[in-house]
Protein chains: 2
Amino acid sequence: MKALEEKIRREGQALPGNILRVGSFLNQQIDCDFMMEIGREIARLYEGYGVDRILTVEASGIAIALAAGAAMHKPCVFAKKYRTGNVAGETYQTTVHSFTHGNDYQMVVAKEYLPVGERVLLVDDFLANGAALEGLLEIVRQAGAQAVGAAVAIEKGFQDGGARLRGTGIRVESLAIVESMDEGRILFRAQD
Amino acid sequence: MKALEEKIRREGQALPGNILRVGSFLNQQIDCDFMMEIGREIARLYEGYGVDRILTVEASGIAIALAAGAAMHKPCVFAKKYRTGNVAGETYQTTVHSFTHGNDYQMVVAKEYLPVGERVLLVDDFLANGAALEGLLEIVRQAGAQAVGAAVAIEKGFQDGGARLRGTGIRVESLAIVESMDEGRILFRAQD
């Protein structure tokens, strides 16, 4: 998505430790019109896939999931994060390691919001090491639903999450893939 | 907003302890088309107020803030919640008590995303004791910005947050006000 690459070039900040700061439009501050455009692009990419619902994880996945759901006229669901081990109630849950915070959390979805047999599109703002999307895939598996694919705004192509996920056979669409960000210079992978 | 009252009647669950469960369309699972309709209603209520940006707090405020921002073609910003005391960096922050979780958290917004002098609309999914909106008001005050009003989807009219906030002179719009929910029967306050 050219508009996203341009926005990252213009507003993104490549910080030491391979941190890409896009808080001015994607998370913390959200450019709402642009976010809805991202949602329409995700809807276009998965048109004809029979998506029944969007699944993401709080907090920064919520905006992009709503934008995609509004464009597809489908509901979205967000997994909650808990620090504690077992969460009470009728839930699907799995343990996910957060590389950002250096700890584990429980990713939890109420069973009633993920019906058996449904076709689910996974959505998130970032794909780096892939832990969050792998957690969502595990939740979908527990539910007996079917993951038709994943869509993220920004993939860090120099981390291994994207390659590992695609290796499982699932379709992964990243609207922008950052190939490298050495010395503050952001380069994108060419996509069709 | 009649459509919201009907949705609450149809899908909401009044649980013991005055808990109103609306996870099937407002939080956790989101009816995306309906959420965008809520956003348009908020835009209608604050038309002509010269709103520059929407401010909310993660996680469940994000969806309604994006919906309102998309309808108003304005950016939204969400405050982050931290358990720890002082958060590093150039931020505005205040301590908020969570009645839901029975603890305090730090509500934090990066200074760059809340410019001095801007006209800010506060948005959240729920208004009960008012602690979250009061925290957002304090952040706006620190920023030297101006809160033009607040908009929430559901107000619990039997808790004191709404009255206390309105008592400060700020305009508060609640799309549905639950007056009582005794024995599982949900009654709404009549509004113009």
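The values are calculated or read from the model by the stated rules, or taken from the named source; none is laboratory data. The model shown is predicted, which means the values in this text are computed figures rather than measured ones. Every residue, glycine among them, receives a Cβ derived from its backbone with ideal geometry; neighbour counts consider all protein chains shown. Ligands, DNA and RNA are stripped out before the accessible areas are found, and what is left, the full protein with its side chains, is counted by its heavy atoms. Shrake-Rupley method; radii C 1.70, N 1.55, O 1.52, S 1.80 Å.
Before moving on, here are some points about what is shown:
- Members of the range B:128-139 that are in contact with a helix residue (DSSP H, G or I) (Cβ under 9 Å, 6 or more places away or on another chain) and open to solvent by 30 Å² or more (accessible area, probe 1.4 Å): B:129, B:134, B:137
- Lone unmet requirement of (1) modelled with pLDDT under 95; (2) closer than 26 Å to residue A:11 by Cα; (3) of a type outside the set (S, T, N, Q) for residue B:99: (2)
- Of all the residues in the range A:6-41, those that are within 7 Å of another protein chain (Cβ to nearest Cβ) and of a type in the set (A, V, I, L, M) number 3.
- For the range A:36-61, a residue qualifies if it is of a type in the set (Asp, Glu), open to solvent by 40 Å² or more (accessible area, probe 1.4 Å) and without any contact (Cβ under 8 Å) to a residue 40 or more places away in the chain, and the qualifying residues are A:37, A:47.
- The set of residues from the range B:48-75 being away from chain A (no Cβ under 12 Å) and on the phi > 0 side of the Ramachandran plot comprises B:48, B:50.
- Residue in the range B:46-55 that is modelled with pLDDT under 95 and not aliphatic (A, V, I, L, M) present: no
- Residue in the range A:122-138 that is more than 12 Å from the chain's Cα centre (by Cα), in contact (Cβ under 8 Å) with a residue 24 or more places away in the chain and on the phi < 0 side of the Ramachandran plot present: yes
- Residue selected from the range B:76-94 under the condition under 17 Å from the mean Cα position of the chain (by Cα) and open to solvent by 40 Å² or more (accessible area, probe 1.4 Å), by the criterion farthest from the other protein chains (Cβ to nearest Cβ): B:81
- The residue of the range A:146-185 that is nearest to residue A:67 (Cα to Cα), among those that are of a type in the set (A, V, I, L, M, F, W, C) and open to solvent by 20 Å² or more (accessible area, probe 1.4 Å), is A:147.
- Checked against (1) out of contact with any Leu (no Cβ under 9 Å at 6 or more places or on another chain); (2) open to solvent by 40 Å² or more (accessible area, probe 1.4 Å); (3) in a loop (DSSP other than H, G, I, E, B), residue B:104 passes all but condition (3).
- For the range A:118-132, the criterion of a residue being farther than 20 Å from residue A:60 by Cα and either within 13 Å of chain B (Cβ to nearest Cβ) or charged (D, E, K, R) (or both) is satisfied by at least one position.
- Here residue B:19 meets the list (1) modelled with pLDDT of 95 or more; (2) hydrophobic (A, V, I, L, M, F, W, C); (3) surrounded by fewer than 13 Cβ atoms within 10 Å (Cβ to Cβ) almost entirely, failing just condition (1).
- Filter pass, residue A:97 being open to solvent by 40 Å² or more (accessible area, probe 1.4 Å), assigned to a strand (DSSP E or B) and not hydroxyl-bearing (Ser, Thr, Tyr): yes
- Selected residue [touching a His at 6+ places or on another chain (Cβ under 8 Å) and modelled with pLDDT of 95 or more] from B:131, B:153: B:131
- Checking the range B:114-127 against the condition returns no match, with no residue being among the small types (Gly, Ala, Ser) and open to solvent by less than 20 Å² (accessible area, probe 1.4 Å).
- Members of the range A:52-81 that are in contact with a Pro (Cβ under 7 Å, 6 or more places away or on another chain) and more than 18 Å from residue A:92 (Cα to Cα): A:69
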